[in-house]
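The values are calculated or read from the model by the stated rules, or taken from the named source; none is laboratory data. The structure displayed is predicted, hence computed values, not measured ones. Here the Cβ positions follow ideal geometry from the backbone for every residue, glycine too, while neighbour counts run over all protein chains shown.
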Amino acid sequence: MRLKTVISFLLISTIIFAQQKPSQNWIDQKYSMFIHFGLYSVYGGVYEGEPVKRGYSEQIQSFAGIFSDWYGNIANNFNPSNWNPDEIVALAKNAGMKSIIFTSKHHDGFCMYHSKYTNFNIVDATPFGKDLMKELAEACKRGGIDFGVYYSLIDWHYPHGYPISSHNADPLTDEHYQFNLKQIEEIMTNYGEISEIWFDMGSLTPTQSKGLYDLVNRLQPNCMISGRLGNDYVDFAVMADNEYPEYKMGMPWQTAASMFDETWGYRSWQERGDINSKVEEKISSLIKVISRGGNFLLNIGPRGDGSVVEYEEKVLKEIGKWVQQNSEAIYGTKANPFYSSAKWGDITSTSNAMYAFITNKPESNKIKIEGFTGNINSVSLLSRGENIPFTQNREALEINISDISSEVLVPVVKISFDNGYSIQPETIVTNKVLNSSNAMPLYGHSSLNYYAGYKSLIGYNWAINTAKRSIVPKISFTESEIGRNVKLQIDDIAHSVLLEPTKKETVRIAKDSAKWGNTYRKTGRGVFGFVEEEGVTIVNLEATDSKWNHVNDFQFGKVYNEPIIERQSIIFLQEIESTQNQTAAVKIRGGNAIYILLNGKYITAHFSPERIKDQEEIVLLPLRKGVNQLIIKYYNGFDTEIKYSITPLEEWQKYSIKLPPFAIKKNNIHNITLRSDDAISNVSPLRMNNIFISF
């Protein structure tokens, strides 16, 4: 009996703990300030009288090749006497920002707070002699703004850490990991409530990521944890630096942006350009993020004396004027309710209004919104409250914006409804067979480390049209999906399903209907998630700048094994000519990570947190009639060699399971969602691209 009580208590505790995140307060922040300030700020991007033009200026120790003792000695000159935390908070608030994220420690290992685990900190090593981070945390509390911290998981100063490398994705020694645990504990204990912790760089083991994740959760259960902790231990996903996704995300996420793409830390010789152009650029970036449901984190880099660069201050204040005029369209809103954006701009929404951000004014001076039902009460320019002429019919809303003055910076048009509105699905499936090809995909952003960040497909959405009052779904899948747990939701009813088949049949492709033709190869570039062919329906292999090389003797079914260094990849392009629209199957073998496209369309991508060296899967390919291009990126994250093979299948086994009847609503359009029920994280890839659902 006692054992049952303990188990019940643990279960209840886990549920209560899980309910604290994602923090609604964090989701509602929308727009925040990042501050890169540290020992590197004294250099200002200059070493020995010369600008250091390679790399970010906050990493000048690495890019300028400065000896560690020489670099450390600059602390004797670090006296940010012009730092005023209350003025920083006031600037953030004037800019419309809801929180400040401060660099507690960057890669150089210098702590901007009083750490008892190293004297390489602003209190013990500088003439300033004060805990600058504590002053900022207290100023944030006084000013009514949230406070968060950045923490580098690598440390070039710590004697038991890895030395400076070219990539900053080094593993952590056990001594270094324990050191990080101690520092995170003091940060989470001594600086009040922390809204988020922004981990960065390193390549941790799953155990190390989990240890830090659990520590933060234990000490500050509401503190949101960034995806760069690695191994999918994440409360919110973090895009690559200055990256803006063109797709909707199905989880909390954030884009961190620097004032200039070239640097985050202060750079004295930076060409700053026109203020108004920069203001418009950053407002457009803010709109991209919030309209897709994310938070925008915009950075400043103070000088070594603690003063804010006047250019950055002016930019923030000008953005703040626009934010203040249009705050109703930013705070308390949700993402664009439509599946995709319009050419003229983006949309945010509430239950009774839409807000149209016009970033690309059309020549016709008219914008059109379609795919919804609802009675419109009024259309107005949000910043001035002026009514705008519009026409509405069953097909679309058309708004005439010709009277909006060109002096209005990024106009926001408010569309108010009498009693709310409903969105019509972009795609309605009528053939009663649901699969990855006719789904509206839902994405996350997975990250095992910085270089292993990628767009992970975490769910499928469908809309179906049926007059039935109940349906009996049948799920079909391949051997790759056997044993998986999925959550199938129809309207408001969800069922957890274990994919244990009750029926099996053999599927054969029609003889001579698919010809596997030429194979091409090239070296991959960039992070795992970068595949430049994504979105390109047919790659021009004959282009003058093509890097594709024809593989003369590629053998299907043969397992190849070749040496490769970490963070490198190879990409294959396989031509397939089909006599008809049909489903074909291929068995793909690879190493740590695979990213697959068919005719430029995302099929699946996954990276093993368990660091699997060799994995194999069946992938069903929805071929179109004519020439198809299958692209497979094989990425090596951890090993010294990579195995791969491509094996076309003439036949494969289809398994199926029939579910009990689902009672559905009386309306004809129904929403169906498929998500994983066994994923370790909300960014873990679904890997259900082979599933078919019929009813």
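Descriptive notes on the structure:
- Residues satisfying the stated conditions in region 96-117, i.e. in a loop (DSSP other than H, G, I, E, B), more than 28 Å from Ile290 (Cβ to Cβ) and touching a residue at least 60 places away in the same chain (Cβ under 8 Å): His107, Asp108, Phe110, Met112, Tyr113, Ser115, Lys116, Tyr117
- Only a single item in (1) of a type outside the set (Phe, Trp, Tyr); (2) crowded, with 20+ Cβ neighbours inside 10 Å; (3) over 19 Å from Tyr443 (Cα atoms) is not met by Pro685, and it is number (3).
- Just one of the listed residues (Glu616, Glu610) is assigned to a strand (DSSP E or B), at pLDDT below 95 and surrounded by fewer than 22 Cβ atoms within 10 Å (Cβ to Cβ), namely Glu616.
- Here Gln24 passes the criteria (1) surrounded by fewer than 21 Cβ atoms within 10 Å (Cβ to Cβ); (2) touching a residue at least 40 places away in the same chain (Cβ under 8 Å) except the one numbered (2).
- The selection criterion, being crowded, with 21+ Cβ neighbours inside 10 Å and either more than 29 Å from the chain's Cα centre (by Cα) or not assigned by TED's automatic domain parsing to the domain that holds Glu313 (or both), holds for Tyr71.
- Taking (1) out of contact with any helix residue (DSSP H, G or I) (no Cβ under 8 Å at 6 or more places or on another chain); (2) on the phi < 0 side of the Ramachandran plot; (3) surrounded by fewer than 17 Cβ atoms within 10 Å (Cβ to Cβ) in turn, Val123 satisfies each apart from (3).
- Residue check for Leu623: surrounded by 16 or more Cβ atoms within 10 Å (Cβ to Cβ) and touching a Lys or Arg at 6+ places or on another chain (Cβ under 8 Å): no
- Checking each residue of region 535-545 against the condition of being part of a loop (DSSP other than H, G, I, E, B), among the hydrophobic types (A, V, I, L, M, F, W, C) and closer than 26 Å to Leu686 by Cα gives at least one match.
- The single residue among Gln254, Gln270, Gln324 that is closer than 30 Å to Asn419 by Cα and either modelled with pLDDT of 95 or more or in the same structural domain as Asp241 (by TED's automatic domain parsing) (or both) turns out to be Gln324.
- Region 658-679 - residue that is surrounded by 15 or more Cβ atoms within 10 Å (Cβ to Cβ) and of a type in the set (A, V, I, L, M) and, of those, farthest from Arg484 (Cα to Cα): Ile664
- Conditions (1) in a strand (DSSP E or B); (2) closer than 29 Å to Trp26 by Cβ; (3) at pLDDT below 95; number of the one not met by Tyr355: (3)
- Test for Lys515: is it surrounded by 20 or more Cβ atoms within 10 Å (Cβ to Cβ), out of contact with any Lys or Arg (no Cβ under 8 Å at 6 or more places or on another chain), closer than 28 Å to Tyr644 by Cβ and basic (Lys, Arg): no
- Selection of region 148-192 for residues being out of contact with any strand residue (DSSP E or B) (no Cβ under 9 Å at 6 or more places or on another chain), small (Gly, Ala, Ser) and crowded, with 16+ Cβ neighbours inside 10 Å yields Gly161, Ala169.
- Taking region 570-592 as the range and being at pLDDT below 95 and within 17 Å of Lys522 (Cβ to Cβ) as the test, only Gly590 passes.
- Ser416 vs. criteria surrounded by fewer than 13 Cβ atoms within 10 Å (Cβ to Cβ) and farther than 30 Å from Ser226 by Cβ: no
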